[in-house]
1. Taking the residues in region 150-165 that are modelled with pLDDT of 95 or more, in a loop (DSSP other than H, G, I, E, B) and out of contact with any strand residue (DSSP E or B) (no Cβ under 8 Å at 6 or more places or on another chain) as candidates, determine which candidate is nearest to G220 (Cα to Cα).
2. Would you confirm, using the coordinates I've provided, whether Q225 is more than 15 Å from the chain's Cα centre (by Cα), touching a residue at least 12 places away in the same chain (Cβ under 8 Å) and over 17 Å from T135 (Cα atoms)?
3. Please find, among A90, A115, A120, the residue that is crowded, with 16+ Cβ neighbours inside 10 Å and either among the small types (G, A, S) or in contact with a His (Cβ under 9 Å, 6 or more places away or on another chain) (or both).
4. Anything in region 186-213 that is of a type in the set (F, W, Y) and either under 16 Å from the mean Cα position of the chain (by Cα) or in a helix (DSSP H, G or I) (or both)? List them, or say none.
5. Need the failing condition index for L164 against (1) crowded, with 24+ Cβ neighbours inside 10 Å; (2) under 23 Å from T229 (Cβ atoms), just the number.
6. Being without any contact (Cβ under 8 Å) to a residue 60 or more places away in the chain, among the hydrophobic types (A, V, I, L, M, F, W, C) and closer than 17 Å to F122 by Cβ narrows it down to one residue among A215, A188; which is it?
7. Evaluate the following for A90: is it out of contact with any Cys (no Cβ under 7 Å at 6 or more places or on another chain) and not in a strand (DSSP E or B)?
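The values are calculated or read from the model by the stated rules, or taken from the named source; none is laboratory data. Because the structure is a prediction, the values reported are computed rather than measured. Quick reminder, even Gly has a Cβ in these numbers, built from the backbone with ideal geometry, and neighbours come from all protein chains shown.
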Amino acid sequence: MNDQLNETRIDPATGLTYRLRPAQAGQGATPCLVLLHGVGSNESGFIDLARQVDPQLNVVLVRGPLALGPDQFAFFQVNFSANGPAINPAQAERARTTLIDFIGQLPQLHGIDPARIWIAGFSQGGIMSAGVALTAPAKVAGFGILSGRILPEVLPLVKADPLLAALPAFVSHGVQDNVLGIHFAHHAKQVLDGFNVPLTYREYQGGHSLNGAMAGDFLGWLGTQLDATRTTAQ
């Protein structure tokens, strides 16, 4: 099962490159976790984490569509300055809609349960996860922002929807993060509280990284979400 993580696939509809760790064989459609990497990285950085995910889930590792260099990809370009990160909003919006389309293909391509798809990511991957989940809450069962933020550009696209109050979120951040400061996590918490999103919020000693404690807490949160949906899915 894990050996398939060494192979890349291309989604015929969106053109996105991805890797798949299929769920253990079972009856009916199976749940799924979609993981998104940070800027300048690629999907292979999540292989070790994917191997730790509950084998009941498919794990999909998506590569950002923008090539920045050898094995370096992004979902949108960003420049960091004294005034904070400045993004290319057109690229971010295109990536958001492409990811929504990509998620829509997963049930047909891989026998995935459309009601049990979670999306999460590190840094820019967390940014994209939040953008997808908040603007298309019917497409996912929950989302995780791991050392990321919520783009202000996405907020006008978020509509009042009762589904948001049933969309669990996991937000985690290092208090010494010098790339995306802890204030971005505080802002995300404020935004999600305002939308009545059920939130699990964690802070850690450390910088801009997905450390073992953060990964463990996220996997624990995901396991709780999976348990909560299992009875409904049966």
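1. So, considering only residues that are modelled with pLDDT of 95 or more, in a loop (DSSP other than H, G, I, E, B) and out of contact with any strand residue (DSSP E or B) (no Cβ under 8 Å at 6 or more places or on another chain), the one nearest to G220 (Cα to Cα) is I150.
2. Numbers: more than 15 Å from the chain's Cα centre (by Cα): no; touching a residue at least 12 places away in the same chain (Cβ under 8 Å): yes; over 17 Å from T135 (Cα atoms): yes.
No; evaluated as a whole, the condition is false for this residue.
3. Details: A90 fails: crowded, with 16+ Cβ neighbours inside 10 Å; A115 fails: crowded, with 16+ Cβ neighbours inside 10 Å.
The conditions single out A120.
4. Y201
5. (1)
6. On the way: A215 fails: without any contact (Cβ under 8 Å) to a residue 60 or more places away in the chain.
Every option except A188 fails the conditions.
7. Values: out of contact with any Cys (no Cβ under 7 Å at 6 or more places or on another chain): yes; not in a strand (DSSP E or B): yes.
It is true that A90 is out of contact with any Cys (no Cβ under 7 Å at 6 or more places or on another chain) and not in a strand (DSSP E or B).
Condition check ((1) under 17 Å from P168 (Cα atoms); (2) charged (D, E, K, R); (3) surrounded by fewer than 16 Cβ atoms within 10 Å (Cβ to Cβ)) across all residues:
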{"site": "N196", "(1), (2), (3)": "yes, no, yes"}
{"site": "Q205", "(1), (2), (3)": "no, no, yes"}
{"site": "H208", "(1), (2), (3)": "no, no, no"}
{"site": "G212", "(1), (2), (3)": "no, no, yes"}
{"site": "D217", "(1), (2), (3)": "yes, yes, no"}
{"site": "T224", "(1), (2), (3)": "yes, no, yes"}
{"site": "D227", "(1), (2), (3)": "yes, yes, yes"}
{"site": "R230", "(1), (2), (3)": "yes, yes, yes"}
